[in-house]
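Each remark here refers to the structure printed beneath this line.
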Amino acid sequence: MLRATLPLARRLASTPPRTTLRLNAPSFRQNPKRRMTTDKKPKEEPKIADQYGQAGSVSTEVLTPGEKVVNAGWNLWYLGLAGLAVTCGGYIFMELNPFGSSPQTVMNASWDLVRNDHSVQLRYGDDLKCYGTDRNTGKEGRRNFIESTKYDSKDDGSSRTRIRYCIEGNGGKSLGYVFAEVSNKHDGFVYILIQDRRTGATLTLHDDRAAIKAGMGGGTMTSGLSALLGGGSGGGK
């Protein structure tokens, strides 16, 4: 019995003692999470009703004086650009309007009569061209506008349009000017005449001014062009 226990005692003596440490870890209680936002609702921007009765938010952005000046400058620039576009568009429409008594319409109709007139072909030839003049500089050119005037006649109270444009012959030589006028109360032209640029002589192709004035109860049937220019039908001075 003693011999049996000796090996066991030796094994126990050679084995290091096992120590068990019990750590009494402190208990950590989980703190409640902090809310980064308050419980209060954000302040709402004031709202107003638009023209359709729907509520919309009002911007509370405050601009600096410099930003206000820049915005005002851009607004004026856009307003000026819009006004310029409207003015140019109206002017172009007035010049090129194919209806009514626009300068372009009067020129096209009168030019058909001028270039097909036998007396004009005998004097200037049949290879004729027409073009307008520059309003600002008076420079003549094919792409320029037609010189025109709108006024109310004292004879019959009608609204009239008077135009002037240039005619060109062979070799690009300027020959003279065509004067034409129409009235909103008279069918056809009031008058069409050509003034020679070199001699100043006037060739009358059509003149109804005296007849229009006589039809209103005043004046005689004398030629209005003769009284105005001192020349007859066929080239006065």
Q | Sequence-distant residues sharing a close amide H with Ala201 (under 5 Å, placed H) | A | Asp196
Q: Determine the gain in length on full extension of the stretch Leu79-Asn116; use 0.36 nm per residue of separation and subtract their C-alpha separation, reporting nm with one decimal.
A: 8.5 nm
Q: Kindly write out, for the stretch 188-201 in residue order, the coupling ³J(HN,Hα) from the Karplus curve 6.51 cos²θ - 1.76 cosθ + 1.60 (θ = phi - 60°), rounded to whole Hz, with x marking Gly and Pro.
A: x, 8, 6, 7, 9, 9, 10, 10, 5, 6, 7, 9, x, 5
Q. Based on the mean of other beta carbon atoms within 10 Å per residue, what is the order of 202-213, 111-122, 66-77, 182-193, most packed first?
A. 202-213, 182-193, 111-122, 66-77
Q. Which links in Lys150/Lys173; Lys154/Lys213; Lys129/Lys185 stretch past 20 Å when you go from one Cα to the other?
A. Lys150/Lys173; Lys129/Lys185
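Read-outs: derived from the displayed coordinates by stated rules, not from any lab. Bear in mind the structure is a predicted one, so any value in this text is a computation, not a measurement. Glycine also receives a Cβ, built like all others from the backbone with ideal geometry; neighbour counts cover every protein chain displayed.
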